[in-house]
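The block underneath contains the structure these notes are about, expressed in structure tokens.
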Ligand code: ADP
Ligand code: 5GP
């Protein structure tokens, strides 16, 4: 079985990444969503082990020391990191594994794992972003302000991503994301074993004909 694709999805807080990912997983079976570890407090409705593994700062630092995280970053006062074991296991099972992480983490993954596919999700405008963040109603005005200012910084790094997905209509956004990931499976460099096999077969054929 071929290995799955590691997909890194980033985008401004409030862009709709979580909503898009949830829908993608509901519609298709080839995906596994990595659950990150964070020191941030759970929002109402969030469960430990589902949205995040909620840990203390000390517990988080222990994971760093044990090299149990593929990457980690600080984002608006808290730490967030990707547990290594789940990602490796699911990729080897052939699943396409999605990391929904911010930009510093995404750049670290790209450095360590160059074959990772990087997708940036954005709302159609900054005004719409503010509306969505406020509409979600999960953060105080101060936190919304820091997240908006962080969005400004993140926009500067968008060009480093492989694909851009505008989350205007949710349904279209989900389908676009799925098609991008599916196409990635057919890249020549992801199919080197097959390419090699066909080359060998054709060489053998030419040889047998001569
Ligand atoms: P993120 O995970 O990127 O921080 P969320 O998935 O929490 O963002 O979405 C932020 C808010 O925007 C939520 O209230 C969500 O319901 C809303 N939202 C997500 N996608 C769309 C969309 N395509 N159109 C309108 N609202 C959306
Ligand atoms: P939130 O607090 O809204 O759930 O997440 C804040 C930001 O942290 C989002 O941009 C989210 O994508 C990012 N994030 C979540 N998990 C990880 C992770 O494991 N590593 C990194 N680098 N960022 C993460």
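Taken together, the values in this text are just the output of simple stated rules run on the coordinates, not laboratory data. Fair warning: this is a prediction, and the values are worked out from it, not measured in the lab. Counting neighbours? That spans all protein chains shown, and the Cβs are built from the backbone with ideal geometry, glycine included.
What full-extension length gain, to one decimal in nm, is calculated for residue 74 and residue 57 as 0.36 nm per residue of separation minus the Cα-Cα distance? Don't skip to the end; give the middle numbers.
Numbers: separation 17, 0.36 × 17 = 6.12 nm, distance 1.15 nm.
So the chain would gain 5.0 nm between residue 74 and residue 57.
Using the basic label-point model (7 angstrom from Cα toward the beta carbon), what is the residue 140 to residue 113 distance in nanometres?
That separation, rounded to one decimal, is 3.6 nm.
Viscosity 1.002 mPa s, temperature 20 °C: give me the Stokes-Einstein translational D for segment 146-203 in µm²/s, with Rh taken as the Kirkwood radius over C-alpha pairs.
145 µm²/s
Hull surface divided by four, with the convex hull built on the Cα atoms of segment 1-78: how many nm²? Walk me through the numbers before you get to the answer.
On the way: hull surface 26.7 nm².
Seen from a random direction, the Cα hull of segment 1-78 projects 6.7 nm² on average.
In nm, to one decimal, how far is the residue 41 label point from the residue 160 one, both placed 7 Å along Cα→Cβ?
About 3.2 nm, to one decimal.
Once R0 is set to 25 Å, what does the formula 1/(1 + (r/R0)^6) return for the Cβ-Cβ distance between residue 30 and residue 201, expressed as a FRET efficiency to the nearest 0.05? Intermediate results must be reported in sequence, preceding the final value.
Working: r = 28 Å, r/R0 = 1.13.
Plugging the Cβ-Cβ distance into 1/(1 + (r/R0)^6) gives 0.30.
Under a plain spin-label model, where a point goes 7 Å from the Cα along Cα-to-Cβ, how far apart in nm are residue 84 and residue 179?
3.8 nm
Give me the extension gain from residue 187 to residue 208: residue separation times 0.36 nm, minus the current Cα-Cα distance, reported in nm with one decimal. Walk me through the intermediate numbers first.
Values: separation 21, 0.36 × 21 = 7.56 nm, distance 3.05 nm.
Using 0.36 nm per residue and subtracting the Cα-Cα distance, I get 4.5 nm.
Quote the Stokes-Einstein diffusion coefficient, in whole µm² s⁻¹, for the chain, based on the Kirkwood radius over alpha carbon pairs, a temperature of 10 °C and a viscosity of 1.306 mPa s. Walk me through the numbers on the way to the answer.
On the way: Rh = 18.7 Å.
Rounded, D is 85 µm²/s.
Is it possible to state the helix-based mean residue ellipticity at 222 nm for the chain, with each DSSP H run of 4+ residues giving -39500 (n - 2.57), the sum divided by total residues, to the nearest 500 deg cm²/dmol? What is it?
Taking each H run of at least 4 residues, the total per residue is -14500 deg cm²/dmol.
Which order do 194, 12 fall in if you start with the one that has the fewest other Cβ atoms within 10 Å?
Numbers: 194 11, 12 27.
Going from least to most buried by this count: 194, 12.
Restricting to segment 57-210, what percent of DSSP beta bridges are antiparallel, rounded to 5?
Rounded to the nearest five, the antiparallel share is 60 percent.
Pairs of Cα atoms under 8 Å, at least six residues apart: use those to get the relative contact order of segment 8-108, whole percent. It would help to have the intermediate numbers written out before the result.
On the way: 134 pairs, mean separation 37.5, N = 101.
Taking the mean separation of contacting Cα pairs over the length of segment 8-108, I get 37 percent.
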